[in-house]
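Here is the structure we will look at.
Laboratory data are not the source of any read-out in this text; all were calculated from the coordinates shown. Note that the coordinates shown come from a computational prediction; the quantities given were computed from them, not determined experimentally. Positions of Cβ are backbone-derived with ideal geometry, glycine not excepted, and every protein chain shown enters the neighbour counts.
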Amino acid sequence: MADTTDVLLNLIDKQWSQAKQSEDQRSTLTNYVILVAGGLESFIVQRSFSKETLVLAVILVLLGILGAIASAKYYERFRLSMHRVGAMMDKLEELHKDARIWELQTQADKEHIERFPKLNKIRLHYIWLMLHIGIAVLGVINVLIGEHYVFFTDGFEVFF
């Protein structure tokens with residue numbers, strides 16, 4: 001039984017590492033997206049939403065969408081690792097009933113929820129998604145402003 005326990009603990013450790021890697025990669029990706037989005041937005045604003053910046057605004061939309069999809073995928077991989085950990089914890093619980101693994105975890109979860117009742121309802125992966133979607137929306141706004149600006153300035157040049 002000790003060998004089985006050691007194997008399970010080793011596998012659980014590997015899955016935790018995999019889950020952490022998924023979260024680290026999501027964080028790194030988001031940092032790059034924010035950096036590039038900030039540069040694109042600065043350039044677009046500096047050029048006063050000119051016709052030439054419309055392509056950059058579309059790239060900003062695509063960057064936000066890509067970031068949201070990648071963030072969702074990293075969350076999916078994180079959940080896979082956590083599901084595997086849960087299955088292995090079930091087996092540990094079966095082998096070591098006296099450890100009361102799930103009972104202790106359930107009690108800790110209950111105390112945590114009581115301490116943070118409102119924050120507990122907010123899912124972190126939604127915050128990550130909203131950040132990327134916000135970048136895509138910013139790109140759409142830039143496209144609309146740019147289109148509006150180009151349409152009206154081109155029209156005014158005809159009259160003046």
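Assorted remarks:
- With respect to the conditions (1) farther than 19 Å from Ile133 by Cα; (2) assigned to a helix (DSSP H, G or I); (3) of a type outside the set (Ser, Thr, Tyr), Phe49 lacks only one, and its number is (2).
- Odd one out for Glu23 among (1) among the acidic types (Asp, Glu); (2) farther than 30 Å from Val143 by Cβ; (3) more than 14 Å from the chain's Cα centre (by Cα): (3)
- Of the residues Leu66, Leu40, Leu29, Leu56, the single one that is assigned to a helix (DSSP H, G or I) and over 22 Å from Met130 (Cβ atoms) is Leu56.
- Of all the listed residues (Lys97, Lys73, Lys121), the sole one being within 30 Å of Gly139 (Cα to Cα), exposed (fewer than 13 other Cβ atoms within 10 Å of the Cβ) and charged (D, E, K, R) is Lys121.
- Residues (more than 23 Å from the chain's Cα centre (by Cα) and of a type in the set (Gly, Ala, Ser)) located in segment 84-140: Ala87, Ala99, Ala108
- Taken as a whole, segment 5-12 holds no residue that is under 23 Å from the mean Cα position of the chain (by Cα) and among the hydrophobic types (A, V, I, L, M, F, W, C).
- Residue in segment 43-56 that is in contact with a helix residue (DSSP H, G or I) (Cβ under 9 Å, 6 or more places away or on another chain), in contact (Cβ under 8 Å) with a residue 40 or more places away in the chain and at positive phi present: yes
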